[in-house]
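Shown next, in structure tokens, is the structure this report addresses.
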Amino acid sequence: MAQIGYSEKVMEHFMNPRNVGTIENPDGYGKVGNPVCGDVMEMFISVEDDTISDIKFRTFGCGSAIATSSMVTELAKGKHIDEAMEITRKDVADELDGLPPRKMHCSNLAADALHGAIEDYKSKKVGK
Ligand code: FES
């Protein structure tokens, strides 16, 4: 039986998540809750010349949330904030070779928290 519907990439990111942790005094911070399950995701970014130079996440989410966040941080790192803003949950799920349909809601957290952190960075910049 194939492992209960998870791709090898999902399992790999779940077992070895990238960029876990926090950034002290981040340039942008996003926090979202998942209305479906109540889990929470936090995303921290450092930005240089409008490019994401560092990114970390912390979550009280399930394995799919961990795998999608890990992937989102890999996709976003080194990208211009406008490009990173265009990363969708579908991009993340595609990069992970798909998620089981009932777990798609988990991938909202990662993309939404990233977008929240970018919005936070932009609003701080305007205020400067
Ligand atoms: Fe809550 Fe997946 S079940 S994020």
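Below is a table of values for the structure above.
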{"read-out": "Breaking point among (1) within 14 Å of Asn108 (Cβ to Cβ); (2) within 13 Å of the ligand (Cβ to nearest atom); (3) surrounded by 16 or more Cβ atoms within 10 Å (Cβ to Cβ), for Gly38", "value": "(3)"}
{"read-out": "Odd one out for His13 among (1) buried (at least 18 other Cβ atoms within 10 Å of the Cβ); (2) in contact with a Phe, Trp or Tyr (Cβ under 9 Å, 6 or more places away or on another chain); (3) outside any strand (DSSP E or B)", "value": "(2)"}
{"read-out": "Long-range neighbours under 6 Å by Cβ, at least six apart or interchain, first residue over 18 Å from Ile55 (Cβ atoms) within the stretch 84-109, second away from the ligand (no atom under 13 Å from the Cβ) and of a type outside the set (Ser, Thr, Tyr)", "value": "Asp97/Lys9; Pro100/Gly5"}
{"read-out": "Flag for Ile45 being over 16 Å from Pro17 (Cβ atoms), hydrophobic (A, V, I, L, M, F, W, C) and either in contact with a Gly (Cβ under 6 Å, 6 or more places away or on another chain) or within 16 Å of the ligand (Cβ to nearest atom) (or both)", "value": "yes"}
{"read-out": "When residues of the stretch 48-67 are limited to those that are of a type outside the set (Gly, Ala, Ser) and surrounded by 18 or more Cβ atoms within 10 Å (Cβ to Cβ), the one farthest from the ligand (Cβ to nearest atom)", "value": "Ile52"}
{"read-out": "Odd one out for Lys31 among (1) exposed (fewer than 15 other Cβ atoms within 10 Å of the Cβ); (2) more than 24 Å from Ser7 (Cβ to Cβ); (3) within 16 Å of the ligand (Cβ to nearest atom)", "value": "(1)"}
{"read-out": "Scan of the stretch 74-83 for residues that are surrounded by fewer than 23 Cβ atoms within 10 Å (Cβ to Cβ) and under 18 Å from Arg18 (Cα atoms), ordered by number", "value": "Glu74, Leu75, Lys77, Gly78, Lys79"}
{"read-out": "Odd one out for Pro26 among (1) surrounded by fewer than 18 Cβ atoms within 10 Å (Cβ to Cβ); (2) more than 16 Å from the ligand (Cβ to nearest atom)", "value": "(1)"}
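Quick note: the coordinates plus some simple rules give every number you see, no bench work behind them. On a predicted model such as this, the values are computed, not experimentally measured, just so you know. All Cβ positions, glycine included, derive from the backbone under ideal geometry; neighbour counts span all protein chains shown.
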